[in-house]
Amino acid sequence: MYDVTIIGAGASGVMCALALKENNRNLKVLLLEKNDKLGKKLSITGNGRCNLGNINTDISNFNSKSDLSNFKKNLEARNFEFLNKLDNLNNLESYYDYLIRFGVLLTKEKEYLYPYSMQALSVCKSFERCLNHLNVEIKYNYDVSKVSKKADVFTINDDIKSKVIVIATGGKTYPKTGSTGFGYDILKSFGHTITKLYPSLTHLKTDYKYIKDLQGVRVNVKASLCVSEKIETKENGQVQFTSDSLSGICIFNLSRNVKKYLNENKTVKIIMDLVPDYSNIELQNYIKGFSSYKLQDALSCIINNKLAVALAKELKFSNKLVKQLTKNELEGVCLALKNMRFNITGSGDFNTAQVTSGGALLDEFTKGLESTKCKELYAIGEVLDVDGKCGGYNLSWAFTSAIIAANDILKDND
Ligand SMILES: Cc1cc2nc3c(=O)[nH]c(=O)nc-3n(C[C@H](O)[C@H](O)[C@H](O)COP(=O)(O)OP(=O)(O)OC[C@H]3O[C@@H](n4cnc5c(N)ncnc54)[C@H](O)[C@@H]3O)c2cc1C
């Protein structure tokens, strides 16, 4: 009989096992993973560099149907002081400290936190070494298909017995990494509500007439998500154009509810300010300086040439010289530069999106992440109804929720 069995050796499951064993070496902890190695998804995060967190972490970067205030303190990594704390490992506070303890050296690039190696694989290796060191038992190639409970004991696949179970099976995205959404079924079987699931942090498809011509362009813009002609959210950052879609961090962060809106037959548009650093008037004065130029040539001195060509095609007077433009036309040009519109027709699916929005309703768990439907059952990571923006927030939730659950389990196993 195991004290704790964790289903899923991804970011949250591994962190939970390490936090448990580090604090109580006597606990019999079992980690079950259906792949032949741990952290298959973790190893491809951040384009292989693993964006582990963000120094600006606060609650506003996370979404959930439930109130996240119980987790606020744990999520907020106040500042980067921890780098100075390397000499003082007795006074540890956030999940950063846990990462360092478990062999992951950290560094930052702008506000983004990475492993010092800048390689996700090294995080997996450090975790593997630590799991061995702490004698965590791991069964790979073990696919959990059934969990039941009788007389305070859980049984997994009619095979393994455990006093406590932690569901760390991830969400539904990138199923080839192992996260097929099975955790939702287990939690449902214990009476939990699963909120509607959507792919989030994904590209958005557009029927923009000249989208093919824009393939490969990357620009920094201010983008707005406009739903039924009302601006819903804004984001600054890089947009990447593909042959049929808008992509990049900025678009990912606007993608969360798009599938839902489209299912509700709402019109969805992305409106881009291509020159957010200059006002309409400043742009008009700038363009006037190109009086003997064709409008398209003047535009290509301001924005990426492919965008300039597309925008000029949209404007009926693109062949005019700048000096021939009427006042209204010149205003119209600048308005177009600051409001380039893309009609959105679809979004990426669960195969391509980075996270699942929705999941097991957080309100049905205690603030230690124990189920209120079934004692000694815990859930952590993406299987819960919490999803973050792009920029390290989802791994920070996976790690933090794992530590929260581990601490709660440890309370009862002193
Ligand atoms: C391409 C990509 C890039 C990303 N980049 C970043 C990034 O840079 N920063 C960031 O913060 N977030 C990033 N994310 C999101 C982040 O990776 C996830 O939110 C995080 O890994 C979730 O952790 P988890 O432990 O909940 O689930 P997972 O990491 O998905 O782990 C779940 C584990 O459970 C196992 N499992 C599932 N079902 C069973 C079963 N029935 N039996 C046994 N085992 C099972 C799976 O095989 C898997 O190993 C990225 C996601 C993707 C897809």
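The values are calculated or read from the model by the stated rules, or taken from the named source; none is laboratory data. No experiment lies behind these values; they were computed from the predicted model shown. Backbone-built Cβ (ideal geometry, glycine too); neighbour counts: all protein chains shown.
Just checking, does the stretch 276-295 include any residue being closer than 23 Å to Ser243 by Cβ, without any contact (Cβ under 8 Å) to a residue 40 or more places away in the chain and under 34 Å from the mean Cα position of the chain (by Cα)? First the steps, then the outcome.
Narrowing the stretch 276-295 to residues closer than 23 Å to Ser243 by Cβ: none.
No.
Do we have Thr177 as within 10 Å of the ligand (Cβ to nearest atom), modelled with pLDDT of 95 or more and surrounded by fewer than 18 Cβ atoms within 10 Å (Cβ to Cβ) here?
Criteria met by Thr177.
Which pairs have Cβ atoms under 7 Å, sit 6 or more apart or on different chains, and link a residue in the stretch 373-389 that is on the phi > 0 side of the Ramachandran plot to one that is charged (D, E, K, R)?
Every condition considered, the pairs that remain are Glu376/Lys163.
If you go through the stretch 376-388 one residue at a time, do you hit one that is closer than 30 Å to Lys222 by Cα and surrounded by fewer than 18 Cβ atoms within 10 Å (Cβ to Cβ)? Talk me through it step by step, then tell me what you get.
In the first step, residues of the stretch 376-388 are kept if they are closer than 30 Å to Lys222 by Cα; the result is 382, 385-388.
Subset that is surrounded by fewer than 18 Cβ atoms within 10 Å (Cβ to Cβ): none.
Looking for residues that are closer than 30 Å to Lys222 by Cα and surrounded by fewer than 18 Cβ atoms within 10 Å (Cβ to Cβ), one finds none in the stretch 376-388, hence no.
Being at pLDDT 95 or above, within 26 Å of Ile403 (Cβ to Cβ) and more than 10 Å from the ligand (Cβ to nearest atom) narrows it down to one of Lys163, Lys139, so name that one.
That would be Lys163, the only listed residue that is at pLDDT 95 or above, within 26 Å of Ile403 (Cβ to Cβ) and more than 10 Å from the ligand (Cβ to nearest atom).
So how many residues does the stretch 390-414 have that are out of contact with any helix residue (DSSP H, G or I) (no Cβ under 9 Å at 6 or more places or on another chain) and either buried (at least 24 other Cβ atoms within 10 Å of the Cβ) or touching a residue at least 24 places away in the same chain (Cβ under 8 Å) (or both)? Before the answer, list the steps.
So in the stretch 390-414, the residues out of contact with any helix residue (DSSP H, G or I) (no Cβ under 9 Å at 6 or more places or on another chain) come out as 408, 411-412, 414.
Now drop any that are not either buried (at least 24 other Cβ atoms within 10 Å of the Cβ) or touching a residue at least 24 places away in the same chain (Cβ under 8 Å) (or both), which leaves 408, 411, 414.
Of the residues in that region, 3 qualify.
Mind checking which residues of the stretch 5-52 are more than 19 Å from Phe182 (Cβ to Cβ) and among the β-branched types (Val, Ile, Thr)?
The answer is Val29, Ile44, Thr45.
Considering only the stretch 31-50, state which residues are among the small types (Gly, Ala, Ser) and more than 6 Å from the ligand (Cβ to nearest atom).
Within the stretch 31-50, Gly39, Ser43, Gly48 meet the criteria.
Mind checking which residues of the stretch 207-235 are part of a strand (DSSP E or B) and under 14 Å from Ile303 (Cβ atoms)?
Within the stretch 207-235, Arg218, Val219, Asn220, Val221, Lys222 meet the criteria.
Take Ala398 and decide whether it is in a helix (DSSP H, G or I), within 27 Å of His203 (Cα to Cα) and out of contact with any strand residue (DSSP E or B) (no Cβ under 7 Å at 6 or more places or on another chain).
Yes.
Just checking, which of Asp213, Asp273 is modelled with pLDDT of 95 or more, outside the structural domain of Gly46 (by TED's automatic domain parsing) and more than 29 Å from Lys110 (Cβ to Cβ)? Steps first, please.
Values: Asp273 fails: more than 29 Å from Lys110 (Cβ to Cβ).
It is Asp213.
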